[in-house]
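Computed from the coordinates by the stated procedures, all read-outs in this text should not be read as laboratory data. Predicted, not measured: the structure shown is a model, and the values here were computed from it. We place every Cβ from the backbone using ideal geometry, glycine too, and count neighbours over all the protein chains shown.
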Amino acid sequence: DEGRRHEILFALNPLVSLLCVFLCFLVRGGTVTVKVAPIVEVLKGEASKLPCTYTVPQGAGNTVVEWYIEENGARKRVAFLSDGKGKSDEGTPLTGRVTLGADFSLTISSVQPSDELVFICQVTAGPTGFGYGATMLKVFFAPEKPELTKPSSQAISTGQSTSSEIGTCVTMNGHPQPRIIWFKNDQPLPEVKDRKEKTNMISSVVKEASGLYTVRNTLYMQPKKADKDSVFQCTVEYSMPGEQIRQKKSDTITINLNYPSEKATFSLLNADPVKEGDDVTMKCETDGNPQPEFDFTKDGKVVSGQDGLLVLESVKRTEAGVYKCSATDFDNMDADLTGTIGLTVNYIDPVSVTPAEPQVVSLGDKVEWHCKTRASALHTVHWKKGSEVLSQDGVLSIQEASYRDAGEYVCVGAVPSVPGLTARAGVNLTVKGKPMMETPAVGEVGQEGDAVTLKCSAYGSPPPQFTWKPSGKESVSVEGNKVVSTVTLEATAQVMKDGVTCQVSNEHGADSKTVAVSLKRGQCARRGNPVPPTPPPPGEQQGGSSSVVIAVVICVLLLLLMVALIYFLNKKDKLPCSKKDKKDEVLPHETPQQLEGNYAMAF
């Protein structure tokens with residue numbers, strides 16, 4: 001045993017010696033300290049700078065700085081510092097794209113995904129030893145927006161024993177490898193790779209020649225009827241510098257899902273109550289997909305429809321009744337797929353008016369009409385002239401017809417419960433008699449000799465004829481039931497004195513009125529042509545003339561008082577204008593009475 005132990009020690013002695021030498025080497029090398037950035041992040045296509053600094057003990061020999069890449073477990077130098085100048089090695093993946101700066105940092109231009117490697121900065125200080133530091137360069141590039149497509153096959157059916165393809169999501173050109181997440185109705189679906197599960201995802205990754213990744217992910221499901229309106233979407237999740245996690249969303253898709261029918265719905269699409277003459281549309285549909293074929297009947301008799309629609313054009317009251325639709329779904333033979341509609345067609349009969357022919361009556365006569373109709377529901381009957389409602393019981397009676405009563409009357413029948421269901425009939429009333437004139441307005445002019453325009457209007461049937469004295473340029477118009485004549489002539493002195501006469505006549509009689517012409521207020525008559533006061537219009541009360549006379553008397557008295565005051569002040573030399581100029585002196589032979597008369601004449 002003792003001999004055996006000596007043999008082992010003798011055998012281990014070279015190894016121990018080698019280990020001691022190696023430890024000594026490490027101790028010597030540990031005196032060189034190298035500092036680098038553990039991780040440097042950069043976007044594809046941009047430049048990246050990898051820093052490197054070091055410290056060596058005093059008295060160390062020449063220092064050599066070298067950069068290596070570690071690829072497939074082996075190191076390969078890409079740049080080094082020689083004679084104070086940085087140089088790059090030939091025949092490396094980075095040849096022509098790396099530079100070594102005076103600060104010993106390594107700059108890589110136009111970084112590519114293939115540059116995502118471990119970079120080693122090694123510093124050798126002669127016999128002192130060496131040191132190194134490793135930097136991991138990470139390259140990032142955002143992938144394209146994911147594209148979501150549906151399978152080219154037909155609709156998916158519920159109740160299948162295997163999962164069906166819902167859609168495929170593809171995102172291209174990302175780095176590092178992105179991740180695809182599926183959503184249904186904005187809720188993420190758990191990532192399931194087991195194809196035996198009802199819902200699963202199958203993913204594939206392709207690394208392009210550019211070093212970027214294309215990811216394809218296909219969603220499989222066994223959808224239920226509740227998924228008929230579900231919205232599917234995929235999102236690509238990817239990394240960016242600074243530990244950022246970002247996402248891009250695809251467009252959405254829905255699936256064409258087949259599922260059996262459980263019930264049918266038969267509905268009337270008309271929003272308002274149906275009335276005679278309307279187009280009626282009835283729709284039959286089930287809660288299944290696709291829709292089965294439908295059969296329609298009315299009161300047990302077959303009627304024709306198409307694609308679940310039954311259309312009745314310009315419906316008549318005879319088409320009211322009970323309509324029924326029925327269908328059969330071979331995927332659910334036990335389902336009762338029928339529906340019924342009780343169609344009501346509202347109507348109103350034409351309005352009957354008695355007497356129906358136009359009525360011609362004399363002024364002051366009585367006239368009466370009766371109006372009635374029938375309808376499918378409670379209805380109203382009323383008489384109108386224009387927009388004015390005159391009667392609501394179907395009877396229109398006029399006790400004493402006047403010219404204003406002439407015109408068209410309309411009887412309107414309506415069903416209030418059915419908007420737009422109305423019927424109407426009209427009659428015309430003509431009132432004949434002698435003309436009846438309206439009081440004409442006074443004509444006004446600025447001064448004598450101006451042109452004046454006068455109007456004269458009258459009711460009558462037949463329409464009255466107009467005669468103006470004196471005559472002028474005349475035009476005639478009709479305003480409702482009255483006729484209006486307009487004349488333009490010169491306001492001569494005779495016209496302003498006597499006015500203008502308007503005479504109207506027809507086969508039943510005649511009438512006339514005088515239209516006064518006067519100066520406008522505030523206008524004065526031309527000197528030497530005094531205009532007589534305008535006579536009051538016919539029928540004016542005498543009290544009005546008396547008031548005018550009293551007012552004139554008062555004005556004259558006030559005028560005399562003013563003249564007397566002026567004369568008195570002038571005699572007392574109180575007025576500025578009473579200077580003793582000869583031309584202003586009162587002549588001796590003029591008496592105060594004569595002077596007062598002269599003031600009055602001047603005024």
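So the values come out like this:
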| quantity | calculated |
| --- | --- |
| Relative contact order computed over segment 397-525 (Cα-Cα under 8 Å; 6+ residues apart), in percent | 26 percent |
| Proximal aspartates and glutamates to LYS248, defined as alpha-carbon separation beneath 12 angstrom and excluding residues fewer than eight positions away on the same chain | GLU144, GLU147, GLU237 |
| Neighbourhood net charge (9 Å Cβ-Cβ; Lys/Arg +1, Asp/Glu -1) for ASN173 | -2 |
| Percent RCO, i.e. relative contact order, over segment 352-433, from Cα pairs under 8 Å lying at least 6 residues apart | 37 percent |
| Spatially proximal lysines relative to LYS138 (Cα-Cα < 20 Å; intrachain offsets below 8 disregarded) | LYS35, LYS44, LYS49, LYS76, LYS207 |
| Normalised contact order of segment 31-139, rounded percent, pairs of Cα under 8 Å and 6 or more residues apart | 39 percent |
| Unsatisfied cross-links (Cα-Cα over 20 Å) in the set LYS432/LYS482; LYS228/LYS263; LYS275/LYS384 | LYS275/LYS384 |
| Residue exposure sequence - THR514, THR95 - by fewest surrounding Cβ within 10 Å | THR95, THR514 |
| Sorted by Cβ density within 10 Å, fewest first, the residues LYS44, LYS196 | LYS196, LYS44 |
| 15 Å Cα-Cα reach of LYS193 towards aspartates and glutamates, excluding residues that sit fewer than 8 places from it in its own chain | GLU165 |
